[in-house]
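Structure, as structure tokens:
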Amino acid sequence: KTHYPMMEDNILRNAMEVFYWIRSIRDIRKKPSTSELIDWINALTLSGIEPDKLRKELPFIGVVLKKDEDLETIRHRAD
């Protein structure tokens, strides 16, 4: 809320759930940091994405994950 005071609570809650889910996956080589979470929340807020689509569609997930291998791991787990 410090960085984005006008952000919807649902976006924050859903983004954090996905963020911690990603961090919990053992096969992720470079765990995302708080900085990536803040950048991702910014992208989600600016795009106007519906909060309930975060977990299903993982929009802009490349903002959170920097390694191609990690992106593939997440895409396989999300299916």
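The values are calculated or read from the model by the stated rules, or taken from the named source; none is laboratory data. Bear in mind that the values here come from a model prediction, so they are computed numbers and not experimental data. All Cβ positions, even for glycine, are placed from backbone atoms using ideal geometry, and neighbour counts span all protein chains on display. Only protein heavy atoms, including side chains, enter the accessible area calculation; ligands, DNA and RNA are left aside. Shrake-Rupley method; radii C 1.70, N 1.55, O 1.52, S 1.80 Å.
Points worth noting:
- Computed helical MRE - 222 nm, the chain, DSSP H runs ≥ 4 contributing -39500 (n - 2.57), nearest 500: -17500 deg cm²/dmol
- Other residues lying with their Cβ under 14 Å from the Cβ of Asp27 contribute a combined charge of +4, Lys and Arg counting +1, Asp and Glu -1.
- Nearest 10 degrees, 0 to 90: helix 9-24 Cα axis against the chain principal axis: 20 degrees
- Helix 68-78 axis, angle to the chain major axis (alpha carbon atoms, nearest 10°): 80 degrees
- Here the accessible area of the chain is 49 percent carbon and sulfur, with a 1.4 angstrom probe and all protein chains present.
- Solvent-accessible area per residue for the chain (1.4 angstrom probe, square angstrom): 65 Å²
- Probe 1.4 Å - accessible area at Asp52, Å² to nearest ten: 100 Å²
- Each distinct pair of alpha carbons in the chain adds a 1/r term; the inverse of their mean, the Kirkwood radius, is 12.6 Å.
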